Amino acid sequence: MAWGNIYRRRMKVFSLAIVIYLDYKVHSFAWFLPYKVLVFRLHSVPEELLFCFLFLTSFFVANGVSGLYPKALQQREKWTNKSKRATLWEKAHQRNAKRVLRLMIELEGLWVKLGQYLSTRADVLPDAYIRLLKQLQDSLPPRRLEEVCRSIQKELGMSMDDLFLNFVELPLATASIAQVHRATLRDGQEVVVKVQHEGIKTVILEDLKNAKSIVDWIAWAEPQYDFNPMIDEWCKEAPKELDFNHEAENTRTVSRNLGCRNRRNDNMPCVDVLIPEVIQIGSFWRWWVAVEIVQAVMQWFDDVAVFVALVLVEEITRAYAHQIYVDGFFNGDPHPGNFLVSKEPPYTPILLDFGLTKLLSSSMKQALAKMFLASAEVCAISLTFPDSKG
């Protein structure tokens, strides 16, 4: 990636971070003020002008006039309708969630990955963010077919005609690091091909630096919001997802641990899920081919009967419990885009994308199991004796 592109990406990320920060900073005071002063159509203002406005306004609000202004704000708070405050905060969340989604789709790379992660954290983010960021799970704009074919031919040293009888142009899904296409190998075997985006490694590494800088800045500006432990973990683990050989080996390991290849042997325990079999061609790492997944369609749990959905959730839960408490080796990226459901009865969950995995020690497995059991016991006591204080 050219330095000019890197600089532009960095400026867009930092500019949006500051705009959103100041928007919320101003908004935290805006509901004290007459609505026409600060609360207007911010979403219709160009971001360059919006940045200047927010900066100047936040400076005025933060400094006040000789310390008298905060006292006026305290008096104003007593008169403000709570429902209006809630409405204004919801609008602020919607406004900024749209900004975040728009930039993540434009920049792709790590920001999409971060958006996927955040879309599963309803315990942390407002609903406005969750609703919009769910779009990042598998519905990104696809890369051009020319780029996909160029990547395959460059890495494998063979033409598309030498590799495939048929290669479907429209991808099944496009994600942050790669996209997948249906294809038929020369021997007639139907497969799905996962192809890494061109130049994505440079983009991811640059995005990690930018994300780290933003987190450091937030921790400085608002010490109560220190996300350094989270971003440090991302910096350590995210680059591993770029190695498809690593992902292929992880897929085989989890499949073997769950007994997915031993269904016909009644003496071997297994969890009732499917995991794609991996076919590697040559020693190249930028792609892999998965079979069995072509027997599946992308169905959300709402599309099947409720009792089937409950069975699916139970099997997925069993699969993850087995990975964590028994094997100590689990998929660390379980967002909804990484699950499919087989299209023929009995409907079976299909687990995908093992680029990010974690290995637990025996002591950690035991500690997690004890914590889970203790939590279950406390919940049972609370349900039985609602007035008890656990």
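The values are calculated or read from the model by the stated rules, or taken from the named source; none is laboratory data. Not measured: the values here are computed from a predicted model. Neighbour counts are summed over all protein chains in view; Cβ atoms, including those assigned to glycine, are modelled from backbone coordinates with ideal geometry. When the accessible area is computed, the model is the full protein with side chains, heavy atoms only, and any ligands, DNA or RNA have been set aside. Shrake-Rupley method; radii C 1.70, N 1.55, O 1.52, S 1.80 Å.
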Task: Residues located in region 338-353, provided they are touching a Ser or Thr at 6+ places or on another chain (Cβ under 8 Å) and open to solvent by 10 Å² or more (accessible area, probe 1.4 Å) - done: Ser342, Thr348
Task: Top-ranked residue in region 175-192 [being of a type in the set (Val, Ile, Thr) and touching a Pro at 6+ places or on another chain (Cβ under 8 Å); ranked as most open to solvent (accessible area, probe 1.4 Å)] - done: Val180
Task: Every residue from region 354-363 that is more than 13 Å from Gln323 (Cα to Cα) and open to solvent by 30 Å² or more (accessible area, probe 1.4 Å) - done: Leu356, Ser363
Task: Unmet criterion (only one of (1) open to solvent by 50 Å² or more (accessible area, probe 1.4 Å); (2) more than 14 Å from the chain's Cα centre (by Cα); (3) of a type in the set (Phe, Trp, Tyr)) for Tyr117 - done: (2)
TODO: Please find, within region 123-162, the residue that is nearest to Phe339 (Cα to Cα) out of those that are open to solvent by 70 Å² or more (accessible area, probe 1.4 Å) and of a type in the set (A, V, I, L, M, F, W, C).
DONE: Val124
Task: Residue count, region 163-174 (criterion: at pLDDT 90 or above and open to solvent by 30 Å² or more (accessible area, probe 1.4 Å)) - done: 6
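Within region 314-349, which residues are aliphatic (A, V, I, L, M) and at pLDDT 90 or above?
Of the residues in region 314-349, the ones aliphatic (A, V, I, L, M) are 316, 319, 321, 324, 326, 340-341.
Within region 314-349, Ile316, Ala319, Ala321, Ile324, Val326 meet the criteria.
Given Val112, Val148, Val124, Val100, which one is touching a strand residue (DSSP E or B) at 6+ places or on another chain (Cβ under 8 Å) and at pLDDT 70 or above?
Numbers: Val112 fails: touching a strand residue (DSSP E or B) at 6+ places or on another chain (Cβ under 8 Å); Val124 fails: touching a strand residue (DSSP E or B) at 6+ places or on another chain (Cβ under 8 Å); Val100 fails: touching a strand residue (DSSP E or B) at 6+ places or on another chain (Cβ under 8 Å).
When all the criteria are applied, what remains is Val148.
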Open item on the list: Please verify whether Pro223 is within 18 Å of the chain's Cα centre (by Cα), open to solvent by 40 Å² or more (accessible area, probe 1.4 Å) and not small (Gly, Ala, Ser), treating the condition exactly as stated.
Closed with: no
